[in-house]
1. Could you please find all residues in segment 28-49 being surrounded by fewer than 17 Cβ atoms within 10 Å (Cβ to Cβ) and without any contact (Cβ under 8 Å) to a residue 24 or more places away in the chain?
2. For segment 78-121: of the residues being in contact with a Phe, Trp or Tyr (Cβ under 8 Å, 6 or more places away or on another chain) and assigned to a helix (DSSP H, G or I), which is farthest from Ala6 (Cα to Cα)?
3. Anything in segment 206-223 that is of a type in the set (Gly, Ala, Ser), touching a His at 6+ places or on another chain (Cβ under 7 Å) and within 19 Å of Leu182 (Cβ to Cβ)? List them, or say none.
4. Quick one: in segment 162-174, which of the residues that are in contact (Cβ under 8 Å) with a residue 12 or more places away in the chain and part of a helix (DSSP H, G or I) is farthest from Val202 (Cα to Cα)?
5. Go through segment 199-219 and count every residue that is farther than 15 Å from Ile167 by Cβ and either over 28 Å from the mean Cα position of the chain (by Cα) or not hydrophobic (A, V, I, L, M, F, W, C) (or both).
6. Take Val82 and decide whether it is modelled with pLDDT of 95 or more, out of contact with any Leu (no Cβ under 9 Å at 6 or more places or on another chain) and aliphatic (A, V, I, L, M).
7. Are any residues in segment 1-14 buried (at least 20 other Cβ atoms within 10 Å of the Cβ) and either touching a residue at least 60 places away in the same chain (Cβ under 8 Å) or out of contact with any Asp or Glu (no Cβ under 6 Å at 6 or more places or on another chain) (or both), and if so, which ones?
Amino acid sequence: MFVIIAGGGRTGSHLAELLLSQGHEVRLVEGRPDTLVNLHRELPTEVVFEGDPTDPAVLLAAAIDHANVVAAVTANDADNLVIASLARFHFGVRRIIGRVNNPRNAWLFAPEFGVDVCLDQADVMAKLIEEEMSLGDMMTLLKLRRGNFSLVEEKIHPEAKAVGMAIKDLPLTEHCIISGILRHGEMVLPRGATQMEGGDEVLALVDDEGRDRLAELLGKPGDGAITGR
């Protein structure tokens, strides 16, 4: 995959290092002389392209017309929107990622302005805090596009009804399938005879009814509320 990164600050340089370590082709576009000095110390010379990333001629010289992905991660929201719009509507890049520096501007980072994925660092931090505050609750990992099914994860409470029971003996609903168990850092493939242990992290494919029943079995006795995201 060929990725163009616009902006060579800490976010851009770290992203470039990560993508290079994964074997991707990367070109990082940056025009600030002091930042370029640091980039040439940290990245291979052929990765760093000198020039203003909001200039269409510079982007074309960096081969944006061959890019699979463009990541606009400068420290200026207006510049990131310009880069995203150029990449999508002028050069036809299929996947655009835009970094939001000011959360008040997040609404602008939308497909109408060429952005497919909005990286709002404040929003990411808020979600991390939310997850930390809700440990022990059931968490939705994935909503399937068709039907009313979700992939959920929950850590079994030490006093849960399911502790000590084999999977085959759990009173699960028809639309609840336990697909994996993480135990002491190791993945356990669930079988009918597999017994549930307190502290197990259970992955399951469920509908709404199956989710409620599973929460009753795995959660703390007496807790009727379910937190889902």
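1. Pro33, Asp34, Val37, His40, Arg41, Thr45, Glu46
2. Ser85
3. The initial filter retains those residues of segment 206-223 that are of a type in the set (Gly, Ala, Ser), namely 210, 215, 219, 222.
Of the ones still in play, those that are also touching a His at 6+ places or on another chain (Cβ under 7 Å) are 210, 219.
Correct list: Gly219 only.
4. Taking segment 162-174 and keeping what is in contact (Cβ under 8 Å) with a residue 12 or more places away in the chain, we get 162-168, 170-174.
Then drop every residue that is not part of a helix (DSSP H, G or I), which leaves 167-168.
Working: Ile167: 11, Lys168: 15 Å.
Within segment 162-174, the match that is farthest from Val202 (Cα to Cα) is Lys168.
5. Qualifying residue count, segment 199-219: 8.
6. Working: modelled with pLDDT of 95 or more: yes; out of contact with any Leu (no Cβ under 9 Å at 6 or more places or on another chain): yes; aliphatic (A, V, I, L, M): yes.
Spelling it out, Val82 is indeed modelled with pLDDT of 95 or more, out of contact with any Leu (no Cβ under 9 Å at 6 or more places or on another chain) and aliphatic (A, V, I, L, M).
7. Going residue by residue through segment 1-14, those that are buried (at least 20 other Cβ atoms within 10 Å of the Cβ) are 3-8, 12-13.
Within segment 1-14, Val3, Ile4, Ile5, Ala6, Gly7, Gly12 meet the criteria.
Conditions (1) out of contact with any strand residue (DSSP E or B) (no Cβ under 8 Å at 6 or more places or on another chain); (2) in a strand (DSSP E or B); (3) closer than 19 Å to Asn68 by Cβ; (4) not small (Gly, Ala, Ser), marked per residue:
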residue	(1), (2), (3), (4)
Ile5	no, yes, yes, yes
Gly8	no, no, no, no
Leu28	no, yes, yes, yes
Leu36	no, no, no, yes
His40	no, no, no, yes
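The values are calculated or read from the model by the stated rules, or taken from the named source; none is laboratory data. Quick caveat, the model's predicted, so the values are computed rather than measured. Counting neighbours? That spans all protein chains shown, and the Cβs are built from the backbone with ideal geometry, glycine included.
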